[in-house]
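These notes are about the structure you will find just below.
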Amino acid sequence: MNISAKPELIGIAGSFASGKDTIAHALEADYGFTHVSTGDMVREAAMRERGSIERPVLFEVADEHRHRDGAGVFVVHALEKPRPLVVTGIRSLGEAKALKAAGGTLLFIDAPAQVRYERMKARHRDAETELTLEQFEANEAKEWHSGETDADFNLRDIKAMADVVMHNVVPLAEFITEAESRLNLAA
């Protein structure tokens, strides 16, 4: 899909370690976007509520908040920040719908599992580096479609409703340039 106007609100969803925050950081640096990570919001809640930011705990805490406080709760809070705004880590249909209802453009990023697994291992975040590729893929399967409500993890249907879908399989500079172009940001 072509984006006709320069967006002031962009949501980035995608598979684990696909490059969501990488694009967001480029939008911050190159175009002055404010970046809000729903993943950071979930990590803060998990640390406060459970004292842990291990992936299974993050999944549980996010799921609890979305079911209790509203399917789009994390994006709704992110929308309070100034624009231009990029929101990363969209994981539920409720979050994607909240972004779209606010006039946002939704970008979905994916990459091959082996590539994303190596990226995850290289960033050395908590105990995720101890996972095997098979465990990594099993954990991720839970986020692709965990249920039928708007509060459930549902990357599958978020990808289907995205304005732009990208596969991060090219060198970093090329990937960023392509994203900026596909989002109608490049001059």
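Please report how far the C-alpha centroid of region 4-29 lies from that of region 32-49, rounded to the nearest whole angstrom.
15
Can you give the relative contact order of region 65-187 as a percent, counting alpha carbon pairs under 8 Å and 6+ residues apart? Don't jump to the answer; show the numbers that get you there.
Working: 133 pairs, mean separation 36.4, N = 123.
Once divided by the residue count of region 65-187, the mean separation gives 30 percent.
Is region 4-111 rounded, prolate or oblate when judged by the Cα gyration tensor, a ≥ b ≥ c being the square roots of its eigenvalues, rounded requiring a/c under 1.5 and prolate requiring a/b larger than b/c? Before the final figure, lay out the partial values.
Values: a/c = 1.83, a/b = 1.52, b/c = 1.20.
Here region 4-111 falls in the prolate category.
Given Lys81/Lys142; Lys81/Lys121; Lys6/Lys97; Lys6/Lys142; Lys97/Lys121, which pairs have Cα atoms separated by over 22 Å?
Violating the 22 Å Cα-Cα cut-off are Lys81/Lys142; Lys81/Lys121; Lys6/Lys142; Lys97/Lys121.
Give a quick list of trypsin sites (Lys or Arg not before Pro) in region 73-127 that DSSP marks as loop, anything other than H, G, I, E or B, with at most 16 other Cβ atoms within 10 Å.
Numbers: sites: Arg91, Lys97, Lys100, Arg116, Arg119, Lys121, Arg123, Arg125; in loops: Arg91, Arg125.
Those that pass, being in a loop and sparsely packed, are Arg125.
How would the chain be classified by its alpha-carbon gyration tensor: rounded, prolate or oblate, with rounded meaning a/c under 1.5 and the a/b versus b/c comparison settling the rest? Write out the running numbers ahead of the final one.
Working: a/c = 1.60, a/b = 1.20, b/c = 1.33.
Oblate, since a/c reaches 1.5 and b/c is not below a/b.
Let a ≥ b ≥ c be the square roots of the eigenvalues of the Cα gyration tensor of region 134-187; is it rounded (a/c under 1.5), or, if not, prolate (a/b larger than b/c) or oblate?
It is oblate, given that a/c is not under 1.5 and a/b is not larger than b/c.
Any chance you could tell me what percent of the C-alpha pair distances in region 14-54 go past 17 Å?
For region 14-54, the fraction of Cα-Cα distances above 17 Å is 45 percent.
Based on the mean of other beta carbon atoms within 10 Å per residue, what is the order of 131-140, 104-113, most packed first?
The packing order, highest mean first, is 104-113, 131-140.
Helix-derived [θ] at 222 nm for the chain: sum -39500 (n - 2.57) over DSSP H runs of at least 4, divide by residue count, nearest 500?
When only DSSP H runs of four or more count, the value is -15500 deg cm²/dmol.
What length, rounded to one decimal in nm, is gained on full extension from Glu8 through to Ser181, with 0.36 nm per residue of separation minus their alpha-carbon distance?
60.8 nm
Computed from the coordinates by the stated procedures, all read-outs in this text should not be read as laboratory data. Predicted, not measured: the structure shown is a model, and the values here were computed from it. FYI the Cβ positions are ideal-geometry reconstructions off the backbone, even for glycines, and counts take in every protein chain you see.
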